[in-house]
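Accompanying notes for the structure given below.
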Amino acid sequence: GVAVVTSEDTASWTEFLRSLVDRGLSGVELVISDAHGGIKAAIATVMTGSSWQRCRTHFMANLAARVPKSSWPMVATLIRSIFEQPDAEATWTQLETVVDKLTSTGFADAAGFVLAAAEDILAFTAFPVEHWPKIRSNNPQERLNKEIRRRTDVVGIFPNRAAVTRLVGAILAEQNDEWAVTKRYMRPESLKTAATALAASPPAADQLPAA
C-alpha cells in the first residue's frame, strides 16, 4: 500500500493499516518495524493477534547511541552473535550470555537495554528457522525507502499529493513485480509452512538475568 501523510503518528499509521485490512489483508502473523511509537500503537490496534518484531538494524542503531564509539565494535560483535545461532534455544541462551558479558565488562546500561528489548528483537525465533534471515530485520524495506528518496529528491517539490502517489506508486509497483517474479523475497512453498512452536518456549523477561 501507499499513502501520503504529513506525520508518522498513531492516527496516520492506524488509518493506513486499516486501509490494508479493508482491501482484504488478513492472517498476519508477524509485523516487522522500527520501535516508533506511532506504528507500534497502530499495529497493536489493527493487527491484533500478530507478533511484533523490532527491526534488528534499527535496534543496533539505538544501542550504539548508548555505547562509547571506541567500544562499539566489541559490543556490536557480541550482539550480532545472538542472531547467528542455529535454533531458538541457542539464540535465547546466547542473549543471556551477552547480557552477562556486557554487565561484567562495565556496560550495564547497554545490557539493560538489550534485556528490555529481548522479546521484541527475538520474536522471529517463534517462526521456522528458514525464515529467519528475512524476518529479523526490515532491511529490504529500508533499501526500498532509500530508492524512493533518491527518486523523489530529483523532483524536489511536488505540485500535489496525487503527483507523489503516481511516482512513488510506480516505484512500488515495479518493486512488487521484482519481489514476486524476478527476485522472490520468500518462496511460496516456504510461506505455506505454518509458524511452528518453539521446542523450548523462550524465557519470559522476568526469568532472564537482571542487568
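For T125, the requirement of being free of Cβ contacts under 8 Å to residues at least 60 places away in the same chain and of a type in the set (S, T, N, Q) is not met. On the stretch given as the range 172-211, residues that are over 20 Å from E130 (Cα atoms) and at pLDDT below 65 total 9. Within the range 134-154, residues that are in contact (Cβ under 8 Å) with a residue 12 or more places away in the chain reach partners that are open to solvent by 60 Å² or more (accessible area, probe 1.4 Å) with beta carbons closer than 6 Å, at six or more positions or on different chains, in the pairs S137/T57; N139/T57. Scanning the range 70-117 for residues that are farther than 20 Å from W132 by Cα and not in a helix (DSSP H, G or I) yields T105, G106, F107. Considering the range 116-154, the residues that are of a type in the set (A, V, I, L, M), out of contact with any Lys or Arg (no Cβ under 9 Å at 6 or more places or on another chain) and open to solvent by less than 70 Å² (accessible area, probe 1.4 Å) include one that is farthest from V31 (Cα to Cα), namely I148.
Residues of the range 60-86 being open to solvent by 70 Å² or more (accessible area, probe 1.4 Å) and in contact (Cβ under 8 Å) with a residue 40 or more places away in the chain, which ones? Matches in the range 60-86: R66, P86. Does T57 meet the test of being modelled with pLDDT under 95, part of a helix (DSSP H, G or I), open to solvent by 30 Å² or more (accessible area, probe 1.4 Å) and of a type outside the set (A, V, I, L, M, F, W, C)? When the stated conditions are applied, T57 passes them. When the range 4-54 is filtered for residues that are open to solvent by less than 60 Å² (accessible area, probe 1.4 Å), in a loop (DSSP other than H, G, I, E, B), on the phi < 0 side of the Ramachandran plot and of a type outside the set (V, I, T), the ones remaining, listed by number, are S7, D34, A35, M47, S50.
Restricting attention to the range 88-101, does a residue exist that is open to solvent by 80 Å² or more (accessible area, probe 1.4 Å) and touching an Asp or Glu at 6+ places or on another chain (Cβ under 6 Å)? The answer is no, given that none of the residues of the range 88-101 is open to solvent by 80 Å² or more (accessible area, probe 1.4 Å) and touching an Asp or Glu at 6+ places or on another chain (Cβ under 6 Å). The set of residues in the range 102-115 that are open to solvent by 50 Å² or more (accessible area, probe 1.4 Å) and either in contact with a strand residue (DSSP E or B) (Cβ under 9 Å, 6 or more places away or on another chain) or touching a residue at least 40 places away in the same chain (Cβ under 8 Å) (or both) comprises T103, A108, D109. Restricting attention to the range 157-171, the residues being open to solvent by 40 Å² or more (accessible area, probe 1.4 Å) and either under 29 Å from M186 (Cβ atoms) or in a helix (DSSP H, G or I) (or both) number 6.
The values are calculated or read from the model by the stated rules, or taken from the named source; none is laboratory data. Every value quoted in this text rests on a predicted model; they were computed, and no experiment measured them. All Cβ positions, glycine included, derive from the backbone under ideal geometry; neighbour counts span all protein chains shown. With ligands, DNA and RNA removed, areas are computed over all heavy atoms of the protein, side chains included. Shrake-Rupley method; radii C 1.70, N 1.55, O 1.52, S 1.80 Å.
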